[in-house]
């Protein structure tokens, strides 16, 4: 069960080790780890079937390398249109959470708490409910009304971990909780808690031995940790992973190899 963490000071260690805000690996996860991995979020073909970036690169004649950008592999000179007709890679959420959680769990002590940080800006408050009809409505149209929140308002408006240009809602969790989240069965000690497609944007164990970051604007997830952990991610058959270093930048225009 995810347990609401009311004390944002559990994230103070990040401020001491993160580089300046930006897409560099050492600005997404703390600097100083022995190794770093970039977990690529799957792309898809026209039929919405997941495909690996390597398949897209092979089809478009591009090069898959540590700082490759998915839109470049699709031969897109602009955000829309291109020679690969499938949709973009998912941004801001980790579709392969179950597989990643399995590897992270193997490098986490059984009784070790994890801290899961969710960005506050993903419409937790619910937005507006709109109504539509096919044909003529029977009677007066009801006005739009607010949709119910997807997270307890006390959490939404409570203390947050503040990092440059981002604020996060914190929960304690276990690797099993991450698997439940991936399966759409996550529970929490607050109500409502409906994460839906959301996965932790930051995740780390209490001993700070590794850290995961799924930045809201990027098409991949970065993990920093031991050489053994990164090696296990690289060798996981159900993941597509590239090794990166602290200074690699994963920004939208940082793929110089495949630049048009």
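In the range 197-210, what residues are touching a strand residue (DSSP E or B) at 6+ places or on another chain (Cβ under 9 Å) and either within 18 Å of residue 18 (Cα to Cα) or surrounded by fewer than 13 Cβ atoms within 10 Å (Cβ to Cβ) (or both)?
First, the residues of the range 197-210 that are touching a strand residue (DSSP E or B) at 6+ places or on another chain (Cβ under 9 Å): 198-206, 209-210.
The answer is 200, 201, 202, 203, 204, 205, 206, 209, 210.
In the set (1) touching a residue at least 60 places away in the same chain (Cβ under 8 Å); (2) under 27 Å from residue 4 (Cα atoms); (3) in contact with a strand residue (DSSP E or B) (Cβ under 9 Å, 6 or more places away or on another chain), residue 194 fails one condition alone, (1). Checking residue 246 against (1) assigned to a helix (DSSP H, G or I); (2) touching a helix residue (DSSP H, G or I) at 6+ places or on another chain (Cβ under 7 Å); (3) surrounded by fewer than 19 Cβ atoms within 10 Å (Cβ to Cβ), which single condition isn't satisfied? Single failed check for residue 246: (1). Among the residues of the range 100-118, those that are in a helix (DSSP H, G or I), buried (at least 19 other Cβ atoms within 10 Å of the Cβ) and more than 12 Å from the chain's Cα centre (by Cα) comprise 101, 103, 104. Restricting attention to the range 42-70, the residues being at pLDDT 95 or above, surrounded by fewer than 16 Cβ atoms within 10 Å (Cβ to Cβ) and part of a helix (DSSP H, G or I) number 1.
Can you tell me which residue within the range 2-41, out of those that are assigned to a strand (DSSP E or B) and in contact with a helix residue (DSSP H, G or I) (Cβ under 7 Å, 6 or more places away or on another chain), is farthest from residue 89 (Cα to Cα)? The qualifying residue farthest from residue 89 (Cα to Cα) is 4. Every condition in (1) more than 16 Å from the chain's Cα centre (by Cα); (2) surrounded by 14 or more Cβ atoms within 10 Å (Cβ to Cβ); (3) not in a loop (DSSP other than H, G, I, E, B) is met by residue 158 except one, and the failing one is (3).
State whether one or more residues within the range 211-224 are over 15 Å from the mean Cα position of the chain (by Cα), surrounded by fewer than 23 Cβ atoms within 10 Å (Cβ to Cβ) and part of a loop (DSSP other than H, G, I, E, B).
The initial filter retains those residues of the range 211-224 that are over 15 Å from the mean Cα position of the chain (by Cα), namely none.
Checked against the condition, which is being over 15 Å from the mean Cα position of the chain (by Cα), surrounded by fewer than 23 Cβ atoms within 10 Å (Cβ to Cβ) and part of a loop (DSSP other than H, G, I, E, B), the range 211-224 yields no hits at all.
The values are calculated or read from the model by the stated rules, or taken from the named source; none is laboratory data. For clarity, every value in this text was computed on a predicted model and none was experimentally measured. Backbone-built Cβ (ideal geometry, glycine too); neighbour counts: all protein chains shown.
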